[in-house]
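I'd like to ask some things about the structure below.
The values are calculated or read from the model by the stated rules, or taken from the named source; none is laboratory data. These numbers were taken from a predicted model, which means no experiment stands behind them. Here the Cβ positions follow ideal geometry from the backbone for every residue, glycine too, while neighbour counts run over all protein chains shown. To get the accessible areas, we keep the full protein, side chains included, count just its heavy atoms, and leave off ligands, DNA and RNA. Shrake-Rupley method; radii C 1.70, N 1.55, O 1.52, S 1.80 Å.
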Amino acid sequence: MIAEIGRFALSLALALVLAQMLCALIGTRRDSAVWEALSRRAAALVFVSLAASFACLITVFVQSDFSVENVFMNSHSAKPLGYKIAGAWGSHEGSMVMWCAGLAGYSAALAHFYRGPLATRALIAAGGVLVLFLVFTIFASNPFDRMSPVPLEGRGLNPLLQDPALAAHPPLLYLGLTGLLAPFALSVAALWRGRSGKEWAQAARPWTLAAFTALTVGITLGSYWAYYELGWGGWWFWDPVENASLMPWLLTAALLHSLVVSAGRNALTGWSLFLSISAFSLAMLGLFLTRSGVLTSVHAFALDPRRGVLLLSILAVAGGGALALFALRAPQIFKDKVKFDPVSREGALILNNALLTMAAAIVLLGTLYPLILRTASGDDVAVGGPYFELTVGPVMALALLILPVAPFLRWRQGGWGEVRRRLLYGGIGALAALAGIILIARDAPLGAAVTAALAVWVMAGALSDFATQRRQPGTLGRGLAHFGVGLFLLGAAGDTGFSIERSTALTRGESFEAAGRTVTLETVRRADGANYLADEGVLTVTGAGRQFQMTPERRYFPTADQTTTEVALRRSLLGDYYVALGQARERENGEIAWVIRASNHPLVWMVFAGAFLTAAGGLVSTGSHVRRRRRAS
Amino acid sequence: MIAVLAAILLASAPALTETEQERANALMDEIRCVVCEGQPISESNAGLAQDMRVKVTELVGEGRSDAEVRDWIADRYGESALLRPRARGAGWFLWVTPLLLAAAALFFVLRLMRVDRNVNRPDPDA
């Protein structure tokens, strides 16, 4: 019964979106406040309807109702309650309902916060996108399909996904990606109306900041999960699925900086419109990449080519349509002739945008080129971390070099005076860090030394910005976000430059040396959980004047026939000590030995803390925009 | 970084000097384990990855250059065994495009900046 309510709510939402678009269209044509109000009411009901549908999906997962095929495929009665709930968005179909609910949420929020011709047209654009995705979900990807005969037990959720950080990762990522619908819809509305400028930019800013915040948290959770769950201690692999979220993140970062110029100075508006459209298009491209099965990687769990074609068509219609509108109408809007000195805040923000966009374009190239080549000519080429580090690395380094300078440049007029005064010590500190690392740690890679120097430069800039300009509105969010970037860089420099890993096979009582500590395998014991069997290694780690026990696990999930590693971490301010239990091997003399992998990860907590701080900065800025808006109205 | 593990597992490979070992490690980070999903051979436990690590160590020990090692791997295991594609064949596009992008970005930035520098008069918006 609940599944049928969920299915009905999806169809009801589709009917309501069409009503939302129709009312808004009539309202626009007749300039009628009544029709516009009806459209806003419909937008709210669409969200209620989709939220109800999503709640129904979660309910059938919690009940373990295996007559619903999606529950049978992705859940198991022995799973803890939290992961039963997470199963609702663990599959392609379920995640599409969540995606639609997210889009509807932002469309309803647009309706709630804005009135007037721009907002009404935005409701038509947002409704159009939602119609495409709802039709797709209802007819090609419906999670409420029943099956018969009803199985007694489900197949279980991929055990790699049964983890708190990863259970929360998709909802936050989607909250960010779907949030890009708001600037997208507002851009389409602005282009349609043929008028742009400050009003549009001011409307688009808080949404962009909110989307950026959620996107940052979502990506960081995924990255943190990869760090401790995959057993390799890496937190960014340049995997296509990761790149799929990095591209919209880079463009959103570019957009929120270009909107500063558009909203404050009424300049760069055409460019901001273009970025808004591109950012949401890349979010849709990411959905296609991850949910069509076109990639085969650890992350890509859904395999169904037919759906891929449909998702690509949605991308072509929505993204391509908006870009075509941009090409037709932008020349009318691009008229703003701004005047500014190259050495000005406008100049710095333009450079920031050029570099961030370039980084996104290179990631797009490296992610799509192997796919296109394989499809077009059958040739195989692999693009991995080494390529991106070599190409995206220098671009981002340049962007980071400008970052601390921009807040100390004045609008329009040139002049280095303030920059020289406020960044002198930061500059000296950065150069000292660079020289110090190169001289003291000769083995450290140059990239790590440069990253550390940039970290000092960026953090010093943020502190100086905060100390000298804190009375200006918006500085707190900016300072937090930029300081977070610096902290992230310091962690990245420490972990990529100074991590040491050793691995060997040990039997009970044996020990080995790894990253400055002695690791002794005391014993391996059983540590089974609710839905898995597990071996737990008991290790004594001594060194650096300390001794402690670590207990990494190796879990086997019978329902999925899959093994996962649960690493053991010993955290400290200086970094993590990281051990993983590998496979058991029989030696020639019949003894069983377990592969133990041990490593240190200097300053790695800063990678995640820095990213969360950047998100916190985004949240503070969003809040201050909402408050300013409320005071104005 | 992880490639040190290779040194432990390698019984048959020749002993390398420290600089040779560093080169071999760097190469192992750039060569994909062709039976794994996007993992470099330095990070994989697969048997084939171990064989490839031995081979890389041998080649470096014979005094081959980085480019020669990459070519050797690409000839045997295909272009997709290199996580850093070579700038030839289908791979050239991947290296030329970022340069073109940089040129395009520079062009647009300069065009936007090419507004008259004499702007130190009162701001009309202020």
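Pairs of alpha-carbon atoms within less than 8 angstrom and 6+ residues apart define the contacts here; what relative contact order does region A:85-210 have, in percent?
38
So how much accessible surface do B and A hide from each other in total, probe 1.4 Å, in square angstrom to the nearest 100?
On the way: alone 8580 and 27220 Å², together 32010 Å².
Approximately 3800 Å², summed over both chains.
Continuing with this model, one more query. Taking only complete DSSP H runs, can you tell me which helices of chain A stretch 27 Å or more along their own long axis by Cα positions and average at least 1.0 on the Kyte-Doolittle scale? Provide the component values of the computation, followed by the final result.
Details: long enough: A:2-30 (41 Å, 1.36); A:33-62 (43 Å, 1.65); A:92-113 (32 Å, 0.68); A:117-140 (34 Å, 2.07); A:198-229 (46 Å, 0.12); A:240-265 (37 Å, 0.85); A:269-291 (33 Å, 1.32); A:345-377 (46 Å, 1.17); A:417-440 (34 Å, 1.17); A:446-469 (34 Å, 1.34); A:475-498 (34 Å, 0.90); A:604-632 (43 Å, 0.33).
Taking the DSSP H segments of chain A (at least 27 Å long, mean hydropathy at least 1.0), we get A:2-30, A:33-62, A:117-140, A:269-291, A:345-377, A:417-440, A:446-469.
Taking H placed 1.01 Å from N in the peptide plane, check which residues at least 5 places from A:Gly575 or on another chain put their amide H under 5 Å from its amide H.
A:Leu603
Next question. Using the C-alpha atoms of chain A, what convex hull volume per residue, in cubic angstrom, is computed?
173
Identify all lysines with a Cα-Cα distance to A:Lys339 below 27 Å; exclude those on the same chain that are fewer than 8 residues away in sequence.
A:Lys198
Note down the relative contact order for region A:387-493 as a percent, whole number, built from C-alpha pairs under 8 angstrom at least six residues apart. Walk me through the numbers on the way to the answer.
Working: 107 pairs, mean separation 29.1, N = 107.
Relative contact order comes out at 27 percent.
Using Cα pairs closer than 8 Å and at least 6 residues apart in sequence, work out the relative contact order for chain A, in percent.
On the way: 1193 pairs, mean separation 70.1, N = 633.
Worked out over chain A, it gives 11 percent.
Quick one: grab the alpha carbon gyration tensor of region A:501-605, order the square roots of its eigenvalues as a ≥ b ≥ c, and give me rounded if a/c is under 1.5, else prolate or oblate depending on whether a/b is larger than b/c.
The shape class here is oblate.
Let me ask another. What residue among A:Val188, A:Ala580, A:Thr504 has its Cα farthest toward the positive end of the dipole of the protein assembly as shown, where the charges are +1 on Lys, Arg and -1 on Asp, Glu, each on the Cβ?
A:Val188
So what's the net charge close to B:Pro85: Lys and Arg +1, Asp and Glu -1, counting the other residues with Cβ under 15 Å from its Cβ?
-3
Give, rounded to the nearest 20 debye, the magnitude of the charge dipole that the protein assembly as shown has about its Cα centre when Lys and Arg contribute +1 at Cβ and Asp and Glu contribute -1 at Cβ. Write down the numbers at each step before the final one.
Values: 66 positive and 56 negative charges, 840 e Å.
My answer is approximately 4040 debye.
What is the sum of charges, Lys and Arg at +1 and Asp and Glu at -1, for the other residues whose Cβ falls under 15 Å from the Cβ of A:Asp561?
Result for the local shell: +2.
With unit charges on the beta carbons (Lys and Arg positive, Asp and Glu negative) and the dipole taken about the Cα centre of the protein assembly as shown, which residue among A:Leu431, A:Val419, B:Gly63 sits farthest to the positive side?
A:Val419
Hey, got the average number of other protein chain Cβ atoms within 10 angstrom for residues in B:97-105?
What the average comes to for B:97-105 is 5.
Obtain the radius of gyration and the Kirkwood radius of region A:1-162 from its C-alpha atoms and give Rg over Rh.
Using only Cα positions, Rg/Rh for region A:1-162 is 1.08.
Further question on the same structure: How many Cβ atoms of partner chains, on average, are near each residue of B:75-88 if near means within 10 Å of its Cβ?
If you average over the peptide's residues, the count of other-chain Cβ atoms is 4.
Averaged per residue, what accessible area in Å² does the protein assembly as shown show with a 1.4 Å probe, protein chains only?
Heavy-atom accessible area per residue stands at 42 Å².
Taking GluC sites (Glu not before Pro) as candidate sites, keep only those in a DSSP loop with at most 16 other Cβ atoms within 10 Å, then name the longest stretch of chain A containing none of them.
A:154-509
If you bin the C-alpha pair distances of region B:20-81 every 10 Å from 0, what whole percents do you get?
With 10 Å bins starting at 0, P(r) equals 25, 61, 13, 0.
Quickly estimate the mean residue ellipticity at 222 nm for chain A, helices only: each DSSP H run with n ≥ 4 gives -39500 (n - 2.57), and the total goes over all residues, rounded to 500.
-22000 deg cm²/dmol
Right, next: Counting only other residues whose beta carbon sits under 14 Å from that of A:Ala165, what net charge do I get with K and R as +1, D and E as -1?
On the way: positive: none; negative: A:Asp163, A:Glu229, A:Glu566.
Its environment carries a net charge of -3.
Here's another thing I want to ask about it. Which of A:Phe557, A:Ala324, A:Gly154 sits farthest toward the positive end of the charge dipole of chain A, with +1 on the Cβ of Lys and Arg and -1 on the Cβ of Asp and Glu?
Of the listed residues, the answer is A:Ala324.
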